[in-house]
Amino acid sequence: SFFAGSQAKRNFLAALTSALFNKIFFLPSPNWPGIVKALGDSLEEKHMSIFLDDPKLFSYLIAQNWAGVLPRENHEQEDKFEDFIASVEANLGANKSIYYLDRSYNLETVIGKEGDLRHRLRITYVNSSPSDTWPAGKYKNRIRVYLPFGAKLTRALWGETNITKDVSAFVDFGRTAFSMLLELSPKETKSLILDY
């Protein structure tokens, strides 16, 4: 009986969290080394990040690379160019379609005779959701792609559709970034192509 704005999602997440904590903390003989290793692996592989209000504790998380903070550009060596790319996605579909999502990434780089760099980033998405029924459904994604400061977007395609005019550019963390909204229906495959 889920619909956007209903309590069903909150109730589902509360039941899931309760079951997870019961599984972890109330096992007859909990496997603490395995639990700690799984949490550590999740942090290292960026499946989980942590935020704390305490600046000292948060600086420790940043030092461990567990906070999900983008690194700043290194300006110490003027004769070197530092390339960079990071994509950040937010599922806005009020569902769990990301569970059914597969992605592949491909970056092609061409260095011109004058030393200019041209890149083509292709992110291919496959939504294997069986239907539009919650928790599956359409993947509604606000993606932000962070590039070196000053990067210029020349073209953006979503499947066969040119979405260049729908892309928002901004500067954050000392990087040039581009943001766009993408939607992918169940059982659909599409590629996002960014030429910059």
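The values are calculated or read from the model by the stated rules, or taken from the named source; none is laboratory data. This one's a predicted model, so the numbers in the text were calculated from it and none came from an experiment. Because the Cβ atoms are built from the backbone with ideal geometry, glycine has one as well, and the counts that use them run over all protein chains shown. In case anyone asks, the SASA skips ligands and DNA or RNA and just uses the protein heavy atoms, side chains included. Shrake-Rupley method; radii C 1.70, N 1.55, O 1.52, S 1.80 Å.
What the table below lists for this structure:
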| read-out | value |
| --- | --- |
| Residue count, region 150-169 (criterion: over 16 Å from residue 85 (Cβ atoms) and assigned to a strand (DSSP E or B)) | 6 |
| Any chance residue 117 is closer than 23 Å to residue 92 by Cβ and touching a residue at least 12 places away in the same chain (Cβ under 8 Å) | no |
| Of all residues making up region 73-90, the number that are at pLDDT 90 or above and open to solvent by less than 60 Å² (accessible area, probe 1.4 Å) | 5 |
| Region 123-140: number of residues that are more than 18 Å from the chain's Cα centre (by Cα) and either among the aliphatic types (A, V, I, L, M) or not in a loop (DSSP other than H, G, I, E, B) (or both) | 1 |
| Residue 155, sole failed condition from (1) closer than 21 Å to residue 70 by Cα; (2) of a type in the set (D, E, K, R); (3) open to solvent by 10 Å² or more (accessible area, probe 1.4 Å) | (1) |
| Any chance residue 96 is loosely packed, with under 13 Cβ neighbours inside 10 Å, modelled with pLDDT under 90 and of a type in the set (D, E, K, R) | no |
| Among residues of region 112-140, those that are more than 26 Å from residue 85 (Cβ to Cβ), in contact with a Leu (Cβ under 9 Å, 6 or more places away or on another chain) and open to solvent by less than 30 Å² (accessible area, probe 1.4 Å), counted | 1 |
| Which numbered condition residue 105 fails, given (1) modelled with pLDDT of 95 or more; (2) closer than 24 Å to residue 12 by Cα; (3) loosely packed, with under 12 Cβ neighbours inside 10 Å | (2) |
| Candidates 143, 163, filtered to the one that is crowded, with 16+ Cβ neighbours inside 10 Å and either modelled with pLDDT under 90 or within 16 Å of the chain's Cα centre (by Cα) (or both) | 143 |
| Near pairs, Cβ below 9 angstrom, 6+ apart or cross-chain, from region 83-94 (at positive phi) to any residue that is outside any loop (DSSP other than H, G, I, E, B) and open to solvent by 40 Å² or more (accessible area, probe 1.4 Å) | 94/9; 94/140 |
| Residues within region 29-47 that are assigned to a loop (DSSP other than H, G, I, E, B) and either touching a residue at least 12 places away in the same chain (Cβ under 8 Å) or open to solvent by less than 70 Å² (accessible area, probe 1.4 Å) (or both), tallied | 2 |
